[in-house]
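Structure record follows, encoded as structure tokens.
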Amino acid sequence: MESSATLIAPPQAAAREYGVTRPISTAGPTEADIQMNIELEKFLVEEAGVYESKEEATKGEEVLQRIEQIVKDWVKQLTRSRGYTEQMVEDANALIFTFGSYRLGVHDPGDEIEMLCVGPSYVNQEEDFFFILQNILAEMEEVTELQPLPDAHIPVMKFKFDGVPIDLLYASISLLVVPEDLDISDASLLYDVDKHTIRSLNCCRAADQILKLVPNVEHFCTTLRCLKFWAKRRGVYSNVIGFLGGVDWAILVARVCQLYPNAVPSMLVSRFFRVYTQWRWPNPVMLCAIEEDELGFSVWDPRKNPHDRTHHMPIITPAYPCMNSSYNVSQSTLRVMVEQFQYSNNICEKVELFKAEWCALFEPYLFFESYKNYLQVDIVAADVDDLRAWKGCVESHLSQLTLMIERDTLGMLQCHPYPREYVDTNKQCAHSAFFMGLQKKQGEKIEGQQFDIRGTVDEFRHSVNMYMFWNPGMEIYVSHVRRRLLPPYVFPDGCRPPRLSRPTAQHQADKLSRDDGEVCASGSSESSLKRKKDAYTNS
């Protein structure tokens, strides 16, 4: 009787409801599950390296405190310069809240710390944050690689502070004085603010809600660390170019925790792939019911909002106003993720049968062995500072390039943008490159078809070149490259691996290319055409 009680949650625990449906199973771990969990956690600590050292954690806390003092001083300085009373200057305040991986307790070594600065109503984003505070930071010795992105979906200031990467957002709330005990979860803070402020505030509000909506925070955190590491190894961790970002993975993991409330992390990882291999997209993933509110903000609702019907993989944030955080996912990137879920589900089944080790789940994805055709996007600038800003602009447009190719080929040409940049160190100028795998839609009878996307590429280049901070030397080149002509710098140690006469099991599992058809993709500009010619004659 005692052993069975350990496997099934007691009635009072089961009565606690998490999520929008009842759990799939309330069973706890078997002895085999506990052993597999020990092995998984050992792998995460000893081989994956996903935990910060004590020194790294301490430094992060110190940087947080330092930045909070900087923004407090900044607000007091602005208050005094605008002629407010000495009492107002004394009361003037700003607060720093963390969100994302840092707030959720799954911060990896080297990850950026995501912060939100909340300031009073008279301190605005456009001039005060992205001009005055930016200049203050630019003059500080501790601050390097400062990159303001005021036109992003959620405006952000990126920089490193004493070597620690920081993403800093700003929200101006409808209060003259920001109290030290401000409750960020209070919906009244959303009153009389613009859409950018709502998005910024909801980064923190969503993180707090996620932690409240999982049955076991410790198991959630371990599982999320594992899935973040997996997503990066398999090339599907990037909200910017059309895959999923931190909040998306957190919500997906939290939903599985709700469906298996008494499972340990090893079980949750396995169930994660089982659940999302079978998920019928575009049915949304939600941690709680979507609530309407008297403030009247639009929430995600495909019945009322036509644009919401176009979302391919809706993952809904749990804080009001509920939004789809995976709006960048396209048909092509959804296809890639589903294939990766299926691939990893097969491995987890073998692990549970003791026919595979956990390390097999985290094998790197062989992107440059998986397609016959690639789109190469080269980004160059006069110096590294210009390249950092220019690259950020181009990268933020790559998800649009995927959508444009799908549109112009009627979905017949599928894209796989890869969320990693590559650098040709032999170039004289500052350089970065991104790659996109191309293949025709599987199951279509279009043998020998040529896909001419030169017009699409020109449209993409034109949209990128509208960048308002463009400087001389900022250029972009887009060209079609066959697998055998890929540049050496994309391979480990800059050496092209020999072609194997018999593909490895990993290669066979990952292989996505079929008869891809012909692709004509270089832009019509003289420099782009010359680049394509050189690529074929010099290789």
- Query: Name the residues in the range 358-408 that are closer than 24 Å to residue 440 by Cβ and small (Gly, Ala, Ser), would you?
  - Reply: 370, 399
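I'm trying to understand the selection: among the residues of the range 62-101, which are of a type outside the set (S, T, N, Q), in contact with a strand residue (DSSP E or B) (Cβ under 8 Å, 6 or more places away or on another chain) and assigned to a helix (DSSP H, G or I)?
63, 64, 66, 67, 68, 71, 75, 100, listed by residue number.
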- Provide a single number: the residues in the range 313-339 that are part of a helix (DSSP H, G or I) and either outside the structural domain of residue 286 (by the TED database) or open to solvent by less than 10 Å² (accessible area, probe 1.4 Å) (or both). 4
- Message: Report every pair of residues separated by at least 6 positions or lying on different chains whose Cβ atoms are under 7 Å apart, first residue within the range 341-359 and more than 17 Å from residue 252 (Cα to Cα), second among the polar types (S, T, N, Q).
- Response: 348/270; 352/270
- Note on the structure: Checked the range 352-374 for anything part of a helix (DSSP H, G or I) and surrounded by 21 or more Cβ atoms within 10 Å (Cβ to Cβ); matches are 358, 361
- Query: Is there a residue being under 24 Å from residue 190 (Cβ atoms), in a loop (DSSP other than H, G, I, E, B) and open to solvent by 60 Å² or more (accessible area, probe 1.4 Å) anywhere in the range 302-309?
  - Reply: yes
- Query: residue 142 fails exactly one of the following numbered conditions: (1) under 19 Å from residue 238 (Cα atoms); (2) surrounded by fewer than 16 Cβ atoms within 10 Å (Cβ to Cβ). What is the number of that condition?
  - Reply: (1)
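Which is crowded, with 20+ Cβ neighbours inside 10 Å, over 19 Å from residue 236 (Cα atoms), outside the structural domain of residue 340 (by the TED database) and touching a helix residue (DSSP H, G or I) at 6+ places or on another chain (Cβ under 9 Å), of 408, 378, 424? Write out each step before concluding.
Details: 408 fails: crowded, with 20+ Cβ neighbours inside 10 Å; 424 fails: crowded, with 20+ Cβ neighbours inside 10 Å.
After ruling out the rest, the residue left standing is 378.
Please work out if residue 98 is surrounded by fewer than 19 Cβ atoms within 10 Å (Cβ to Cβ) and either more than 20 Å from residue 202 (Cβ to Cβ) or in contact with a Lys or Arg (Cβ under 6 Å, 6 or more places away or on another chain) (or both). Even if it seems obvious, please write down each step before you answer.
Details: surrounded by fewer than 19 Cβ atoms within 10 Å (Cβ to Cβ): yes; either more than 20 Å from residue 202 (Cβ to Cβ) or in contact with a Lys or Arg (Cβ under 6 Å, 6 or more places away or on another chain) (or both): no.
Considered against the rule, which asks whether it is surrounded by fewer than 19 Cβ atoms within 10 Å (Cβ to Cβ) and either more than 20 Å from residue 202 (Cβ to Cβ) or in contact with a Lys or Arg (Cβ under 6 Å, 6 or more places away or on another chain) (or both), residue 98 comes out as no.
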- What are the residues in the range 105-121 that are surrounded by fewer than 22 Cβ atoms within 10 Å (Cβ to Cβ) and among the acidic types (Asp, Glu), if any? 108, 111, 112
- Query: Being over 30 Å from residue 362 (Cα atoms), in contact with a helix residue (DSSP H, G or I) (Cβ under 8 Å, 6 or more places away or on another chain) and touching a residue at least 60 places away in the same chain (Cβ under 8 Å), is that true of even one residue in the range 52-70?
  - Reply: yes
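The values are calculated or read from the model by the stated rules, or taken from the named source; none is laboratory data. This structure is a prediction, so every number in the text was calculated from the model and none was measured. Cβ sites come from the backbone with ideal geometry, for glycine too, and all protein chains shown count toward neighbours. SASA here: full protein model, heavy atoms, side chains in, ligands and nucleic acids out. Shrake-Rupley method; radii C 1.70, N 1.55, O 1.52, S 1.80 Å.
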